[in-house]
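The values are calculated or read from the model by the stated rules, or taken from the named source; none is laboratory data. What you see is a predicted model; the values in this text were computed from it and never measured. As a convention, Cβ positions derive from the backbone with ideal geometry for all residues, glycine included, and neighbour counts pool all protein chains shown. Accessible surface is based on the protein model in full, side chains and every heavy atom, while ligands, DNA and RNA are left aside. Shrake-Rupley method; radii C 1.70, N 1.55, O 1.52, S 1.80 Å.
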Amino acid sequence: MMRGRPGALLATALAGILAVGLLSFVLEPYGVYLLSLWAVYTVAAIGLNLTLGYAGQISLAQATFVGVGAYATALLMPHGWPFGATLALAGGLCFGLGLLFGFPALRVQGHYLAFVTLALTTLAFLVMRNEAWLTGGVQGIAHIARPVPFTSGRAFLMLCLLVLTLVTVATWWLLRSPWGRAFIALRENPIRAASLGVDVRGYTLLSFAIGAALGGVCGSLYAPLVQYVEPSPFALALSLSLLLMVVVGGSGSFLGPYVGALVAVLLPEWLRFMQDYYLVVYAMVVMLLLAVCPDGLVGLAGRMLDRQRRGHPAEPADGGKA
Amino acid sequence: MTPAGPTPGTPVLEARDLHRSFGGVRAVNGISFSVAPGEILGVIGPNGSGKSTLFNCLLGQLPPSAGQVLLDGEDVTGMTPAALNRRGVSRTFQLLQVFPQLSVRENLILAGQEHVGSRLGRLFGRPDAGLTAAAERMLHLFRLEALADLLAGGLSYGQQKLLDAAMAFMAGPRLVLLDEPAGGVNLTLLGAFRERLRAMNQEAGSTFVVIEHNMDFVMSLCTRVICIAEGQIIADGSPQAVRENPQVIEAYLGH
Ligand SMILES: Nc1ncnc2c1ncn2[C@@H]1O[C@H](COP(=O)(O)OP(=O)(O)OP(=O)(O)O)[C@@H](O)[C@H]1O
Ligand SMILES: [Mg+2]
């Protein structure tokens, strides 16, 4: 279930991914790296958008799933696991973990749920840092090889874009299905939803599990992309950063995560010349953005399109929102 | 969604000595009644007399402090609202409850989808769960066709009220509990709305329990009426008899 014409939304997302692929041919390696990072984070943001934006469950645990996916990949690939298998395993593992993390949501909601998932993230971070026998502790795991034939920067970007494409199509299908409708119902009015036969427990857990699985998929691309994993990238800061991507792009909008991740990856780069002040400016830009458009950049774009269309009375006035 | 039929003569719904208190307030204080198949039972009573609380106890929304609820003779006390709904019981709430960010049509499809096939089947099946035709029929019955693609949150109060009621009928329920369906619906629409309900009752043979303050609406729609005051039934009978019952008049005027 999506606002606006579903087919047009999918086409827009796929066109964007294609454009990124083409763009990589005129960019320096660092630019290609940034695009890969965008693709990888977008996958995790799509997952969080499902849990938070569509199903309305505030989760600050997405970083944990990215971490689990990254470690699973880093640990298994040297044992000869093919990349596809580690990717599937990471997704599956996080799906199960997401089911577990979803249980608190059956008892608490809103800010309380945010705090519970925050605590789980902190706990998972401590495990990654302290259980050195498994994770390498603070030293982490270095020299993670990229799967052949995706060893060059550009080739690996293509792999990331391929996975992002699959995730895009699958998410699109899911949101259009009765499941997507049930997720929105959960967010808007769980009591009414239950009175219409919607299994609120089941769908709440599923929204966590599917969102988490996409976090795991992100992680299993992240590890070979940066070729080094250690605990600090998977701390609370990443959860907050992913949350920001969802909110800035437009929580509960299909295209939101793509836009939000782009802002989150590029804005710090553009503001880098400010050196120590960049975080302050970044924070102010984000606050300004949210004040001007609480429904995110995609919501803003939708409203501007609406306004333009109203200039042409011949056009039928449909929702027009992405 | 109709399981094996009950034996003839078994009430569709039966309440046995239901109680529910909130702190010191005895909102429902020993209510027993039954509803026969095909009946349209009206529930009247002053504000705060416990009508909505009774509905919530019957439908698993609130656990009763004591007493039993039977559906087709089977004890369903403590069953969840979703489970009861999947057994063919649907409802509306007193405060209108539609999904504002879904279109009118999507609201209707949502109201029916959990009754179609298995959950996994719904994921891989058609986006509308095969319910577009059923939704169109509801849109037509409740005169909502022109609004089908608008977000429900953008409708007027009365239109949302009609949508709310229409949603309760999407899954072809056997038993429907409506909490003040006429509140906020304008007079011209009200007559049509009553005819809709009557038609549903006769076509589908479904049973209704309707809480309503609009006396004309109750008197012209219901086959039987109970009056609740201070958590207890003070009158039970034909609409005419209940309206003329001195205790009922007293309860209404006394407040
Ligand atoms: N959740 C609750 N918590 C505390 N008290 C409640 C709650 N729900 C209802 N009550 C109390 O129970 C009593 C019955 O309320 P109820 O809503 O069932 O009345 P009603 O007959 O539906 O009234 P109305 O015609 O105004 O809708 C009232 O005194 C009300 O204040
Ligand atoms: Mg009430």
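For the pair B:GLN240 and A:LEU134, label points projected 7 Å from Cα toward Cβ lie 7.8 nm apart.
What number comes out for accessible area per residue over the range B:99-170 if the probe is 1.4 Å? Units Å², please. The partial results should precede the final answer.
Values: 2800 Å² over 72 residues.
Counting only protein heavy atoms, the per-residue value for the range B:99-170 is 39 Å².
Chains A and B together bury some 2700 Å² of accessible area, summed over both sides, with a 1.4 Å probe.
Can you give me the % of accessible surface on chain A that is carbon or sulfur? Probe 1.4 Å, all protein chains present, nothing else counted. That fraction is 71 percent.
Do the sum for chain A: with -39,500 (n - 2.57) for every DSSP H run of n ≥ 4, divided by all residues, what is the mean residue ellipticity at 222 nm, to the nearest 500 deg cm²/dmol?
Working: 14 runs with 225 residues, N = 322.
Taking each H run of at least 4 residues, the total per residue is -23000 deg cm²/dmol.
According to the calculation over all Cα-Cα pairs in the protein assembly as shown, the P(r) per 20 Å bin from zero is 19, 44, 27, 9, 0 %. Dividing the summed helix terms, -39500 (n - 2.57) for each DSSP H run of n ≥ 4, by the number of residues in chain B produces a 222 nm estimate of -10000 deg cm²/dmol to the nearest 500. What you get for the protein assembly as shown, charging only the Cβ of Lys and Arg (+1) and of Asp and Glu (-1), is a dipole of about 780 debye around the Cα centre. Considering every residue in B:111-118, what mean count of other chain Cβ atoms within 10 Å of its Cβ is obtained? Rounded to a whole number, the mean comes out at 4.
Axis angle, to the nearest 10 degrees, between helix B:157-169 and the longest C-alpha principal axis of chain B: 90 degrees.
Projected onto its three principal axes, the C-alpha set of chain A covers 63, 50, 39 Å, listed from the longest axis down. Only protein atoms count toward the accessible area here, which uses a 1.4 Å probe; on the range B:99-170, the carbon and sulfur part of that area reaches 59 percent.
Per residue, the convex hull spanned by the Cα atoms of the range B:1-104 amounts to 136 cubic angstrom. Using R₀ = 22 Å, calculate the FRET efficiency as 1/(1 + (r/R₀)^6) where r is the Cβ-Cβ separation of B:THR132 and A:VAL169; round to 0.05. Once rounded, the FRET efficiency stands at 0.45. Compactness of chain B is given as radius of gyration and Dmax, 18.2, 60 Å, from Cα positions.
Altogether, the Stokes-Einstein calculation at 10 °C and 1.306 mPa s, with the Kirkwood radius of the range B:127-255 over Cα pairs as Rh, returns a diffusion coefficient of 98 µm²/s.
Counting only other chain Cβ atoms within 10 Å of each residue's Cβ, the peptide B:150-156 averages 1.
Given a 1.4 angstrom probe, what's the average accessible area per residue across chain A, in square angstrom? Kindly include the intermediate steps, with their values, before the conclusion.
Details: 13970 Å² over 322 residues.
So chain A comes to 43 Å² accessible per residue, rounded to a whole number.
In terms of packing, defined here as the mean over residues of other Cβ atoms within 10 angstrom, the peptides B:195-201, B:224-230, A:59-65 line up highest first as A:59-65, B:224-230, B:195-201.
In a shell of Cβ-Cβ distance under 11 Å around A:PRO178, excluding A:PRO178 itself, what net charge do Lys and Arg (+1) and Asp and Glu (-1) give? Summing Lys and Arg as +1 and Asp and Glu as -1 gives +2.
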